[in-house]
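Undergrad: Would you mind keeping the following structure in view while I ask a few things?
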Amino acid sequence: MTDSATSGGGGARSWSDEDLEDVVDAYQAGLEAAGLRDSAVRTYVRESRTFLRWRTGRATPSGGSLRTRRPHQRITPLDLRAELAEYEAVLRATPLAAASVQSYLSYARMFIGWSDGSYRPRGPNRRGEPLARAIPRRSPVAGPTTRASDSTDLTVDEVRELGSFDWRWPENVEHFDHGWEYVATGGAASYRIRHGIGGRDVYGRFRVHSVTWVDGQPMVEGVAPDDYDDGGALLSTIRIEGGEHVRALTDLPIGYAGFHIVRQIDEIAAKYSRRSLAAKILDDDLGAWARHAILRLTSKPAGKPSGRTDRAGLEPDRPTMPRLEPPPKLDRTALVASMLSFGTKAKAELDTAGEPFFTENPAANRFVIENPFAFLLAVIFDQGIVAERAWAAPYELQRRLGHLDPVRIAAEPDSVAAAIQQPPTLQRFINTLPGWVVAAARRVISHYGSDAGRIWADEPSAGQLERRFDEFQGIGQKKAAMAVEMLERDLRVKIKDLQQTDIAFDVHIRRVMLRTGLAERDDRDHMIEEARQANPARPGAIDFPMWLVGRRWCRPGVPLCPDCPLFDVCPRLVDRAADVRGA
Ligand code: SF4
């Protein structure tokens, strides 16, 4: 690997296919260091790997053609950019929705940008950061049209976070995933502000969408530009008195002096994107949204009601927006059938040349297939990091140690710890993992004659095998259930009584179970029992499709329902998962 393979930034670079795996690991570390949320890091890394798997001919996005693998060569960022154009053509030829294509491309583009130093991940000023820091420190709002800034800058107080809520427009109801209520004060005037974040189909795909209310009246809207995932900022068009859109900087009202002003068409490459100016504001920058909304309020002619009565008047592109069909009622049989069918299809797409897919590096993938102790360790590593990284870890551990012998691992805990902690670290929990690995080796020696394959060699029942895994440190119900499913489904290990398999109580599965209506509450025993009722012949079989749906579409916050394979059968009880947290 080149010495520059593990860092972004400038300079000439070239990599082998294998080196690029390390570049992704380094990218992940860079994203984490930049303060991106865990879920965002997982998505960035997963989609970068999707691109890399496609470019080496190991996988293809849904319905796309498999790429003929090129002879092994050094690859530069320029090569990657050329391959991205090819990737785009393949994606556009698939039945994937435009939103999904854009999403695949933007993640691949960011990864390539990171590899050549043109993209630096930024820790967005987002939820989780103290709200006080979200209040802008911009030049005072001043001018004849701005009551909020008669004498001092705007201040924000009494901030209260909101859960999900609905807002009834004249002709429909819009759902907001979360939001805030607060008081904005400028000079002698105070306003009660509500700022809600939701999402809807607009400008050719599903985008995050916000509305800001002033004293109960919806005043301004925000919509995600094409690079929203990069920085978390939304666009909101600027109007002057009479509602006219501002198109020239010289016409910009004086109160917008401190805002980041862009042309919408430069930020949203889509039909009907406007040529007018827009403020680009972080989605949770409460002070800026209050200021923008108050500026809009005060630009209205006297006597005109501040609230919107004619939605079409504010959103000329509205007639082009596809509306979602109302969600269907829950039909458990249809839902489970749809999950199982999607699971089978997705599995076939993921597996390459009949070999089950665990991780992108072919050697690492083969290692967990062929080495039972590596499989066991991968299950242990699979916690709090992307699955693909966890399943590559045993191979890398073996490479660093020079072996993966349980006897030596049990006898040399310091070497194991050093190998796991060596940068790039093999896991996030670098203080806990080494102990679990050594304990696993000791248990394999004491209970299974140093051969991890004997954990499942006697054709145990699913329940029996889950209990055996559960006895290892670092493996609980979630990972034990997952391991049983993987052994039978992927490695064709003989296991009896598959009606005893279970779903893993995993954060993705919890979200999907609640939103699809399969479960009523976020409770482990309840969910396991409901999955048993839903698919009694093999409850664990719905684990994989739910996990994948949760990872790809049924995301925390605003799910990507229009693209979800369960869309037609899911009652979309999105609010139910509002409080689901954890790993
Ligand atoms: S993404 Fe939407 S349609 Fe899919 S499972 Fe979640 S709530 Fe249902």
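Undergrad: Which ³J(HN,Hα) values in Hz, rounded to whole numbers, follow from the phi angles of segment 278-290 under the Karplus curve 6.51 cos²θ - 1.76 cosθ + 1.60, where θ = phi - 60° and Gly and Pro get x?
TA: Along segment 278-290, the couplings run 9, 8, 9, 10, 4, 4, 10, 7, 4, x, 5, 5, 4 Hz.
Undergrad: Would any residue of segment 426-447 have its amide N under 13 Å from a label point 7 Å out along Cα→Cβ of residue 407? List them or say none.
TA: So the set is 445-446.
Undergrad: Moving on to the next point. For segment 337-350, just list the computed ³J(HN,Hα) in residue order, Karplus coefficients 6.51, -1.76 and 1.60, θ = phi - 60°, integers in Hz, with x standing in for Gly and Pro.
TA: Calculated HN-Hα couplings, in order: 4, 5, 4, 5, 5, 5, x, 5, 5, 5, 5, 4, 6, 6 Hz.
Undergrad: Here is a follow-up. From the phi angles alone, apply the Karplus equation (6.51, -1.76, 1.60; θ = phi - 60°) to segment 173-179 and give each ³J(HN,Hα) in whole Hz, x where the residue is Gly or Pro.
TA: Per residue, the Karplus-derived 3J(HN,Hα) values read 10, 10, 9, 10, 6, 6, x Hz.
Undergrad: How much length is gained on full extension from residue 260 to residue 578, taking 0.36 nm per residue of separation minus their Cα-Cα distance?
TA: Extending this stretch completely gives an extra 111.3 nm.
Undergrad: In percent, how large is the relative contact order of segment 333-395, given Cα pairs closer than 8 Å and 6 or more residues apart?
TA: It rounds to 31 percent for segment 333-395.
Undergrad: Show the residues, 5+ positions off or on another chain, whose built amide H is closer than 5 Å to the amide H of residue 207.
TA: For residue 207, whose amide H was placed from the backbone, the distant partners under 5 Å are 200, 201, 202.
Undergrad: Based only on other Cβ atoms within 10 Å, what is the fewest-to-most ordering of 580, 208?
TA: Going from sparsest to densest Cβ surroundings: 580, 208.
Undergrad: Pairs 271/347; 280/329; 271/329; 329/494; 345/496: which are spaced more than 31 Å apart, C-alpha to C-alpha?
TA: Where the Cα-Cα span goes over 31 Å, the pairs concerned are 271/347; 280/329; 271/329; 329/494.
Undergrad: Moving on. Answer with one residue from 463, 491, 512: the one whose Cα lies farthest towards the positive end of the charge dipole of segment 441-583, charges on Cβ with Lys, Arg +1 and Asp, Glu -1.
TA: In segment 441-583, that residue is 491.
Undergrad: Also: Per-residue counts of other Cβ atoms within 10 Å, averaged by peptide: what ranking do you get for 215-224, 441-450, highest first?
TA: In decreasing order of mean packing, 215-224, 441-450 become 215-224, 441-450.
Undergrad: Among 181, 485, rank each residue by its count of other Cβ atoms within 10 Å, from fewest to most, as a rough exposure measure.
TA: Arranged by neighbour count, lowest to highest, 181, 485 become 181, 485.
Undergrad: If you don't mind, there's one more thing I want to ask. Please state the charge dipole magnitude for segment 418-577, taken about the Cα centre, from unit charges on C-beta atoms (+1 on K and R, -1 on D and E), reported in debye and rounded to the nearest 20.
TA: Here the size comes out at about 400 debye.
Undergrad: Here's something else I'd like to know. Run the simple label-point estimate for residue 446 and residue 93 please: 7 Å along Cα→C-beta, distance reported in nm.
TA: That separation, rounded to one decimal, is 5.8 nm.
Undergrad: As a footprinting exposure proxy, order 524, 572, 49 by other Cβ within 10 Å, with the fewest listed first.
TA: Listing 524, 572, 49 from fewest to most nearby Cβ atoms yields 524, 572, 49.
Undergrad: Next question, about the same structure. For residue 248 paired with residue 351, estimate the spin-label separation in nm (one decimal), with each label point 7 Å from Cα along the Cα-to-Cβ line.
TA: According to this spin-label approximation, the distance is 6.5 nm.
Undergrad: Suppose the chain between residue 81 and residue 454 were pulled fully straight at 0.36 nm per residue; how much longer would it get relative to their current alpha carbon spacing?
TA: 129.6 nm
Here, each number is a calculation from the coordinates, and none is a lab measurement. Just so you know, these numbers come straight off a predicted model, no measurement behind them. Glycine also receives a Cβ, built like all others from the backbone with ideal geometry; neighbour counts cover every protein chain displayed.
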